[in-house]
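The values are calculated or read from the model by the stated rules, or taken from the named source; none is laboratory data. No experiment lies behind these values; they were computed from the predicted model shown. In this analysis, Cβ positions are derived from the backbone assuming ideal geometry, glycine residues included, and neighbour counts consider all displayed protein chains. Side chains are part of the model used for accessible areas, which takes the heavy atoms of the whole protein and leaves out ligands, DNA and RNA. Shrake-Rupley method; radii C 1.70, N 1.55, O 1.52, S 1.80 Å.
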Amino acid sequence: MADVIICGLGAMGSAAAYYLARRGRRVVGLEQFHPVHDRGSSHGETRMIRQSYAEHPSYVPLVTRAYELWDALEKETGKTGLLTRTGGLYVGPLESDGVAGALRSAKEHNLPHEMLDANEIRRRFPPMNPDPEFVGFYEVNTGFVRCEDAIRTFLDGAARSGADLHFHEKLTGWEARDGVVRVTTERGAYEAEHLILAPGAWAPEIAHFPRSGALRAERRVMYWMRPQQGIDPFRIGSFPCYTWELGGPDFLYGFPSSDNVSVKVALMNAGAPCNPDQPERNVTPDEVKKIQSFLGSRIAGLDGECLRAVTCMYTVTPDKHFVLGPHPHHPNVSVAMGFSGHGFKFACVVGEILTDLAVNGETAHTIDLFDPRRLSA
Ligand SMILES: Cc1cc2nc3c(=O)[nH]c(=O)nc-3n(C[C@H](O)[C@H](O)[C@H](O)COP(=O)(O)OP(=O)(O)OC[C@H]3O[C@@H](n4cnc5c(N)ncnc54)[C@H](O)[C@@H]3O)c2cc1C
């Protein structure tokens with residue numbers, strides 16, 4: 001019998017496998033697709049990491065730990081370039097969620113930051129053209145994690161520490177009784193003391209939460225644009241990661257060039273519910289036109305040729321906060337789901353938390369905001 005079975009070896013499951021195996025646990029990992037695939041939530045080269053967390057100050061200690069763990073992962077594995085610090089700018093009205101939320105977290109946790117007015121934004125980052133009344137919250141610690149590289153590093157490290165990782169093997173059912181979890185897959189059956197459910201967009205079919213609609217898979221698109229005036233103003237060191245308020249629930253965000261050819265941009269909230277087994281992976285010309293129209297007046301030169309557009313999935317909760325902790329009805333099952341489009345940066349610390357829960361039944365990290373019971377009542 002294994003100590004821990006992990007369902008899903010994407011961002012969260014691969015991190016849990018890594019930290020559990022390093023703590024000497026016997027791990028069986030189950031993944032329905034091949035390693036580092038592009039059919040879930042964790043592909044597309046880069047994921048932003050920011051410290052002055054606009055969504056809620058409770059995320060700050062976790063993201064601070066995540067920075068430490070990403071740096072440590074590079075040292076432990078010899079893999080470089082997983083985390084790149086680029087600086088980050090959140091552009092919008094002073095009272096907007098992105099700017100006011102970041103300020104609140106920065107003040108509460110005493111984090112380094114600068115406030116820039118629209119002229120200063122234009123001076124420092126010439127392609128940017130904010131409305132005159134917009135401000136920018138700038139923090140030096142923002143950057144990005146190379147997502148496929150990070151997952152590959154976790155999987156390789158877990159396997160080196162003895163984890164038994166099964167790919168192309170879908171979990172089809174689970175039950176937890178008398179201190180043992182029993183899992184069935186398309187190929188067999190397994191038992192362990194603890195089960196971790198980290199199924200990404202497939203959470204609604206696997207979590208067994210009674211409240212329907214608690215978790216919803218949604219489609220998103222990432223775009224790689226070719227800057228019309230050349231790549232130089234968009235290189236790391238010249239251009240930051242950024243978010244940009246658009247006046248509604250949606251906002252634009254993007255990165256400096258990570259390949260010195262293209263510049264990645266996306267919209268945060270504009271998405272439609274999807275079936276994770278059959279999401280619409282085709283990106284329409286209208287979708288490309290829409291992002292070009294948002295970019296046009298705001299970031300000079302990015303509204304030209306779209307080199308590539310790729311879909312991805314969010315798993316969204318009603319309050320957009322994560323679902324992380326013991327399963328409401330089964331103490332020896334832990335869940336890590338509902339990351340609502342902002343989970344990747346935390347994958348390492350989520351792996352650490354899941355390891356704590358599987359090994360000790362509790363964690364020293366504060367995860368009250370993510371209590372799974374709020375979705376099962
Ligand atoms: C376009 C886009 C942009 C994003 N940008 C950011 C960002 O800038 N910063 C940030 O922090 N976050 C960002 N996110 C969110 C972040 O990427 C996700 O929160 C994170 O990747 C979720 O990881 P996961 O492990 O839950 O899901 P996944 O990585 O998708 O892993 C779940 C895995 O479970 C497997 N699985 C499911 N069911 C079964 C089963 N029954 N049996 C076996 N295997 C199963 C799936 O195949 C999959 O591999 C973004 C997401 C998208 C889509």
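For the stretch 41-55, putting each phi into the Karplus relation 6.51 cos²θ - 1.76 cosθ + 1.60 with θ = phi - 60° gives couplings of 10, 10, 10, x, 6, 9, 9, 6, 10, 9, 9, 7, 6, 5, 5 Hz, in residue order, rounded to whole numbers and with x for Gly and Pro. Surface composition of the chain: carbon and sulfur make up 48 percent of the accessible area, probe 1.4 Å.
Expressed as a fraction of 2.2 N^0.38 Å, the value expected for a compact globular protein of N residues, the C-alpha radius of gyration of the stretch 27-72 is 1.53.
Treating each Cα of the stretch 42-157 as an identical point scatterer and summing with the Debye formula, the log10 of I(q)/I(0) at q = 0.16 Å⁻¹ comes to -0.79.
Average projection, convex hull of the Cα set of the chain: 17.5 square nanometres. For the stretch 120-212, the gyration tensor built on C-alpha atoms gives a prolate shape. Its axis ratio a/c (a ≥ b ≥ c) is at least 1.5, and a/b is the larger of a/b and b/c. Size of the stretch 177-241 from its Cα atoms: along the principal axes, largest to smallest, the extents are 64, 26, 23 Å.
A simple rule links phi to the HN-Hα coupling: the Karplus curve 6.51 cos²θ - 1.76 cosθ + 1.60 with θ = phi - 60°, which for the stretch 327-337 gives 4, x, 10, 9, x, 9, 10, 10, 10, 9, 7 Hz, with x for Gly and Pro. Measuring nothing but how far apart in sequence close Cα pairs (under 8 Å, 6+ apart) lie, relative to its length, the chain scores a relative contact order of 23 percent.
How much length, in nm to one decimal, is gained on full extension between residue 58 and residue 371, taken as 0.36 nm per residue of separation minus their Cα-Cα distance? The partial results should precede the final answer.
Numbers: separation 313, 0.36 × 313 = 112.68 nm, distance 1.30 nm.
Contour length minus Cα-Cα distance gives 111.4 nm.
Within the P(r) computed for the stretch 147-306, what percentage of the Cα pairs occupies the region above 26 Å? Of the Cα pairs, 50 percent sit more than 26 Å apart.
Which residue fluctuates the most in the chain, going by a Gaussian network model with Cα springs under 10 Å, if the choices are 161, 334, 52? Looking only at 161, 334, 52, the biggest GNM fluctuation is shown by 161. For the stretch 126-170, list residues with backbone N below 11 Å from a point placed 7 Å from the Cα of residue 79 toward its Cβ? What the label zone holds, given the 11 Å backbone N cut-off, is 146-159.
For the chain, adding -39500 (n - 2.57) for each run of n ≥ 4 DSSP H residues and dividing by the number of residues yields -8000 deg cm²/dmol at 222 nm.
Give the calculated FRET efficiency between residue 180 and residue 232 to the nearest 0.05, with a Förster radius of 56 Å applied to their Cβ-Cβ distance. The pair residue 180/residue 232 has a calculated efficiency of 0.40.
Enter the per residue convex hull volume of the stretch 1-98, computed from alpha-carbon coordinates, in Å³ rounded to the nearest integer.
Details: hull volume 14.2 nm³, N = 98.
Here the figure is 145 Å³ per residue.
Sort out for me the Cα centre separation of the stretch 139-187 from the stretch 80-130, rounded to whole Å. Taking the Cα centre of the stretch 80-130 as reference, the centre of the stretch 139-187 is 34 Å away. What the chain shows is 40 Å² of accessible area per residue, with the surface traced by a 1.4 Å probe over protein heavy atoms. Summarising the strand pairing of the chain, around 70 percent of its internal DSSP beta bridges are antiparallel.
Dipole orientation for the chain: of the candidates 188, 229, 268, 229 has the Cα lying most toward the positive pole (charges on Cβ; Lys, Arg +1; Asp, Glu -1).
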